[in-house]
Amino acid sequence: MNQPLVLVVEDDPDLRELMTVTLTNSGYRTLEASNGESALEKFHTHAPHLVLLDISLGPHTIDGLEVCRRIRRDSDVPIVFLTTHGEDIDQIIGFSTGADDYLTKPVNHRLLLARLAAVLRRQEGPRRTTEATRIGHGGIDIDLNARTVTLNDQLVDLTRIQFDLLAAMAENPTRVLTREQLVERVWGEWYGNDHHLDVHLSRLRHRVTAAGGPRVAHAVRGVGFRFTS
Amino acid sequence: MIDDVAPQAADFISSRREAVARTAAQELRQASMTELPALTHRLAGKLGVFGYESAGDAARRLMLDLQDGVDESQVPGRVADIVALLDADLREVS
C-alpha cells in the first residue's frame, strides 16, 4: 500500500493540524474533518485507508462513536479512536462500535505512527504460521480465511483484534501464550501497555460468553493466556 | 513531549505554543460551569502536546472531578490554578 490515505477527524484545529503534519512527514496522505458530518462526507467521497477518529467532536455534531457506527454499516476500514484519559475505554472499544484500536490523548507521535502502521498491517492480512484454514474446538469454529467465528453454528461478531487474539490462542490450544507472544502476533511492534491487551481480551471473552461460549482466554498467573473451550 | 516529535511537528508546536496557552487561559477565564466539562476535556488532551504538561494534567483532574460531581465552590479556584500554570509557562517562554 503506497502512501495510505488517513482521514483525521478532530475538532481542535491545532491538534488536527499537528497530527496532519506528523502523518504527512511520515509518508501518509491525509484528509481532515472537524466534525462528524464532514467526516462521513469525506469518508464516502475519498474512501480513505484508515480513519483516525476523535471520540468527542464538540456539542454541535454527531460524536465519534456515532461516526464509527455509520461507517461500519458498509465498510470494514480500520478505525482508530482518539480518547482522553478518563473515558471508559471498555465501552469505547466494545458494544459494537467496531473500532480497531484507540490512542489516549495527549498522543505521543511515535505511538501514533506505530499504531497506525500496525492497524494497516493487520488490514493487509494476518501472518500465518500454519497452513490450517479452519480451527474447531468445543463448538467454536474459526475460519481463518473468511475470518469468521461460529459458535454452535451461530456467527459471533468479533472485531479484527478480537479475532486475531482468538485465532492466535486457538491455533496453539495446549500452549500458554505469553503477553509478549500475543502482542507480537496481533500487533507486531508494540508501544502500548498491558491494559490495552487486557481490554481487548476482556471484550473478546464478553463477546464469546454472551453468545453462550466459554471464556476462551484462561489467564495463567505470571505467564500469559491459554485457549479454553 | 515536544522533544519526542519529528522536526516538522516540533516546528509546528513551537509556532503555536504561545497562542495555544493564551487561548486556553482566555477560554478558561470565560467558561461557564456548563461549558467547563467540554473545555477541560479538550484541554486535557491538548495542553500536554504543546508542552504544558502540568496545566494539561490539572485540566484532566478537573475534568474527572467535574464528571464525579465536584463541589462547585472549588471550581473557580481550580480553574484559576490551571490559568496560573499556563501563565507561569508563558513567562518562561517570553
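No lab work stands behind these numbers, since they all come straight from the coordinates. On a predicted model such as this, the values are computed, not experimentally measured, just so you know. Every residue, glycine as well, gets a Cβ built from its backbone with ideal geometry; the counts of neighbours run over all protein chains shown.
Loop-only check: which trypsin sites (Lys or Arg not before Pro) in the range A:1-91 are DSSP coil with at most 12 other Cβ within 10 angstrom?
On the way: sites: A:Arg16, A:Arg29, A:Lys42, A:Arg69, A:Arg70, A:Arg72, A:Arg73; in loops: A:Arg73.
Listed in order of number, the matching sites are A:Arg73.
Loop by DSSP (not H, G, I, E, B), at most 14 other beta-carbon atoms within 10 Å: where is the longest site-free stretch of chain A for GluC sites (Glu not before Pro)?
Longest gap between qualifying sites, sites excluded: A:1-130.
Can you list residues from other chains, or at least 5 along the same chain, whose modelled amide H is less than 5 Å from the amide H of A:Ala217?
The answer is A:Thr228.
Under 5 Å between amide H atoms, partner at least 5 residues away or on a different chain: which partners does A:Gly224 have, H built in plane at 1.01 Å?
When sequence neighbours closer than 5 places are left aside, there are no close amide H contacts.
Taking H as built 1.01 Å from N, whose amide H comes closer than 5 Å to the amide H of A:Leu31, not counting residues under 5 places away?
Under 5 Å from the amide H of A:Leu31: A:Val6, A:Leu7, A:Val8.
Take chain A, connect every pair of alpha-carbon atoms lying under 10 Å apart with a spring to form a Gaussian network, then pick out the residue of A:Gly212, A:Gly36, A:Gly98 with the largest mean-square fluctuation.
In the Gaussian network model the winner is A:Gly212.
Looking at chain A as a GNM with Cα springs under 10 Å, which of A:Ala118, A:Ala168, A:Ala146 has the largest mean-square fluctuation?
Result for chain A, Cα springs under 10 Å: A:Ala146 fluctuates most.
Quick one: helix A:194-210 against the long Cα principal axis of chain A, what's the angle to the nearest 10°, folded into 0 to 90?
60
Do the sum for chain B: with -39,500 (n - 2.57) for every DSSP H run of n ≥ 4, divided by all residues, what is the mean residue ellipticity at 222 nm, to the nearest 500 deg cm²/dmol? Don't skip to the end; give the middle numbers.
Numbers: 4 runs with 67 residues, N = 94.
Rounded to the nearest 500, it is -24000 deg cm²/dmol.
Extension gain A:Arg69-A:Ala219, at 0.36 nm per residue separation less the Cα-Cα distance, in nm?
Value of the extension gain: 50.9 nm.
Exposed loop chymotrypsin sites (Phe, Trp or Tyr not before Pro) only (DSSP loop, at most 15 other Cβ atoms within 10 Å): please give the longest stretch of chain A free of them, not including the sites.
Maximal segment without exposed cleavage sites: A:96-190.
Using θ = phi - 60° and the Karplus form 6.51 cos²θ - 1.76 cosθ + 1.60, what ³J(HN,Hα) does each residue of the range B:41-56 get, whole Hz, x for Gly and Pro?
Computed from phi, the couplings for the range B:41-56 are 4, 5, 5, 4, x, 10, 4, x, 4, 9, x, 9, 5, 5, 5, x Hz.
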